[in-house]
Amino acid sequence: MLIPILMAASAAPGHPAAAVVQPRPLATGITNASANPAAITFSATDPDTSPTVNGSASAVVAWTTTGGSAARTWNLGVSAPATFSSCGTVPASAVKATCSAVAGGTAGAWGSATALSTTSTQIASGKEKAGNTNYSVTLTFTLSDSWKYIASSSCSLSVSYTITAP
């Protein structure tokens, strides 16, 4: 957001009057970013009786913005490697991330469940608050289990998050 600042000055004969100065907006800084837990674990089941397996825990992604502006929007994206490191035949795309809560700022929003991909997919967004603000987003993960996946008794998936705040 550009805020014009008018500088008033008397112009002496032969000297131009002061100009309008348009300062550049300060960028929002992001500090104290964390994700807990960073890896989500799924326990293998019988896909006929439990076709959807819940992850071991909800993940909470938290951060603080500095120099925020109420006119700016923050976004949180989620991604994962193509397959589980401990269960190489299970694709990460079989996992869906669902946002269940957003705290901090205003107008926090999220969409429907999103299948994980190797590219970051937006999972939540909201408006910043002016100044320094703490944010947190709670996500749950479910695995669409299938007989075509050969899994060990426990499969762990490292999840990556991308926070953007202009």
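Consider ALA130 carefully, then state whether it is closer than 17 Å to THR65 by Cβ and either exposed (fewer than 14 other Cβ atoms within 10 Å of the Cβ) or among the charged types (D, E, K, R) (or both). Against the criterion (closer than 17 Å to THR65 by Cβ and either exposed (fewer than 14 other Cβ atoms within 10 Å of the Cβ) or among the charged types (D, E, K, R) (or both)), ALA130 qualifies. For segment 142-156, a tally of residues being surrounded by 20 or more Cβ atoms within 10 Å (Cβ to Cβ), at pLDDT below 90, touching a strand residue (DSSP E or B) at 6+ places or on another chain (Cβ under 6 Å) and not charged (D, E, K, R) returns 1.
Taking every residue in segment 102-131 that is acidic (Asp, Glu) and pairing it with any residue that is surrounded by 17 or more Cβ atoms within 10 Å (Cβ to Cβ), at least 6 positions away or on another chain, the pairs with Cβ-Cβ distances below 8 Å are GLU128/THR28; GLU128/THR65; GLU128/GLY68; GLU128/SER69; GLU128/ARG72; GLU128/TRP74; GLU128/GLY105; GLU128/ALA165.
Here ASP48 meets each of (1) surrounded by 12 or more Cβ atoms within 10 Å (Cβ to Cβ); (2) modelled with pLDDT of 85 or more with one exception, condition (1). Screening segment 63-87 for residues that are touching a helix residue (DSSP H, G or I) at 6+ places or on another chain (Cβ under 9 Å) and of a type outside the set (Ser, Thr, Tyr) and picking the one that is surrounded by the fewest Cβ atoms within 10 Å (Cβ to Cβ) gives ALA82. Residues that are within 13 Å of the chain's Cα centre (by Cα) and under 26 Å from PHE42 (Cβ atoms) number at least 3 in the following strands (runs of 3 or more DSSP E) confined to segment 57-148: 59-68, 73-79, 95-103, 121-127, 131-144. Note on segment 45-86: residues that are closer than 21 Å to THR114 by Cα and in contact (Cβ under 8 Å) with a residue 12 or more places away in the chain total 26. Every condition in (1) surrounded by 13 or more Cβ atoms within 10 Å (Cβ to Cβ); (2) modelled with pLDDT of 85 or more is met by THR28 except one, and the failing one is (2).
The values are calculated or read from the model by the stated rules, or taken from the named source; none is laboratory data. All figures in this text were calculated on a predicted structure; none of them were measured in a lab. Positions of Cβ are generated from backbone atoms using ideal geometry, with glycine treated the same way; all protein chains shown enter the neighbour counts.
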